[in-house]
Amino acid sequence: MKCRTCGQKALVNMRQHKLALCKEHYLEWIPDQTERFIEKYKMFTRTEKILVAVSGGKDSLSLWDILQRQGYQADGLYICLGIDAGLNYSSESQRLTEKFAARRNLKLHIVDVQKEYGATIPQFAQKSRRGRGKPCSVCGLVKRHVMNRIARDFGYDVLATGHNLDDEAAILFGNTLSWAGEYLLRQGPVLPETPGLARKVKPLCRIYEREMLAYVLLHGIEYIYYECPFSAGSTSIYYKQLLNKLESDRPGAKLSFYLSFLEARKSGLFAERQEIQAELHPCPNCGQPTSAPGLCSFCRMMSQQ
Ligand code: SF4
Ligand code: ZN
Ligand code: ZN
């Protein structure tokens, strides 16, 4: 197999794109593709301030790497969740994130959930009705609150996350199985800013997980290669397995599933967005927009502690 660009031996073969590339051209291709999607979906410009949510995993570190390479003003945000049972997931991912930022002289905000809010994610989950022993729902709520807060307090225009195509296709699959209208309305490469909330973007949303894996490995970026222990047995992993089966029989199926959804959205299939936005009001405690009556879900959870 030969590199399409230079004819040397190819190192990465992407059946889904009918494209094979050598190391050098692959490492150019991923940032080029990302740049194309940033422009296509009008995610941000070089004059805007970007906050990248970094977990220490391959996707978020690669995203930060790419944005830096492409000359964007991108700072990082690491949220220490306090998930350290077993493999020291949080400490290790924080160590790798700090190392990455220090080597490249990048600005990194660190928020330690226990120090700032009084409990780790597993402790919050144990105490709160919302958690019921499975911390992911509490974790998602806390992460969203912290990301929005840091973006607002430090004046970032955009919040960027490292969701890749596999993540997006799995979320879409789950939302489609239950026709979760409100979630479908909000899923996409860009969630526009609303009063009090920065724009949210996913620049890697069209890049396969294995393409991101090849990118970090070929670059030698050190990342945390094991998952959070609470992700074991999650439905999103199950959906990813199902979609991988489909993809191996029909290369490109994941991408076309996601892109067809975006087309359907554009054509107005999910047109009630305005009404949903209109129902938001600022939480009387933290000021973040919420659709819940009274306190937002985060503040309600905090008040139950
Ligand atoms: Fe949080 Fe669940 Fe993800 Fe772990 S798997 S980081 S608990 S959302
Ligand atoms: Zn080449
Ligand atoms: Zn609140």
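Numbers at a glance
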item	result
Computed [θ] at 222 nm, deg cm²/dmol, the chain (DSSP H ≥ 4; -39,500 (n - 2.57); rounded to nearest 500)	-15000 deg cm²/dmol
Contour excess over end-to-end distance, with Cα ends at K49 and Q8 and 0.36 nm allotted per residue	10.9 nm
Share of carbon and sulfur in the accessible heavy-atom surface of the chain [1.4 Å probe, %]	52
Simple label model, 7 Å out from Cα along Cβ direction - Q305 to H281, nm	2.6
F154, F124, reordered so the largest accessible area comes first (probe 1.4 Å)	F154, F124
Using a Förster distance of 41 Å, the FRET efficiency for S291-K18 (Cβ separation, nearest 0.05)	0.40
Long-range HN-HN contacts of K49 with modeled amide H, under 5 Å	D157, V158
Label-to-label distance, nm, for residues given as H219 and D32 (7 Å Cα→Cβ offset)	1.7
Viscosity 1.306 mPa s, 10 °C: Kirkwood-radius Stokes-Einstein D of the chain over Cα pairs, µm²/s	77
Shape category assigned to region 33-179 from the gyration tensor of Cα positions, a/c cut at 1.5	oblate
Distant-in-sequence amide H partners of T290 (H built 1.01 Å from N, under 5 Å)	H281, C283
Summed side-chain charge close to C22 - residues other than C22 whose Cβ falls under 14 Å, Lys, Arg +1, Asp, Glu -1	+2
Accessible area (Å², per residue) of region 39-171, counting only protein heavy atoms and a probe of 1.4 Å	44
Area of E193 that stays accessible when all protein chains are in place (1.4 Å probe, Å², to 10)	90
Residues with amide H under 5 Å from that of R199, placed H, sequence gap 5 or more	L159, E193
Size-normalised alpha-carbon gyration radius of region 190-281, reference 2.2 N^0.38 Å	1.41
Pair S231, E98: separation of 7 Å Cα→Cβ label points (nm)	2.3
Net charge of Cβ neighbours under 12 Å - reference R149; Lys, Arg +1; Asp, Glu -1	+1
Relative contact order (%) - the chain, alpha-carbon pairs under 8 angstrom, separation at least six	19
Beta bridges by DSSP in the chain, antiparallel share as percent, to the nearest 5	35
Cβ-based net charge around A53, under 12 Å, with every Lys or Arg adding one and every Asp or Glu removing one	+2
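The values are calculated or read from the model by the stated rules, or taken from the named source; none is laboratory data. Nothing here was measured: the structure is a model prediction, and the numbers come from that model. Note that each Cβ is placed from the backbone with ideal geometry, even for glycine, and that neighbours are counted across all protein chains shown. The area values use the complete protein model at the heavy-atom level, side chains included, leaving out ligands, DNA and RNA. Shrake-Rupley method; radii C 1.70, N 1.55, O 1.52, S 1.80 Å.
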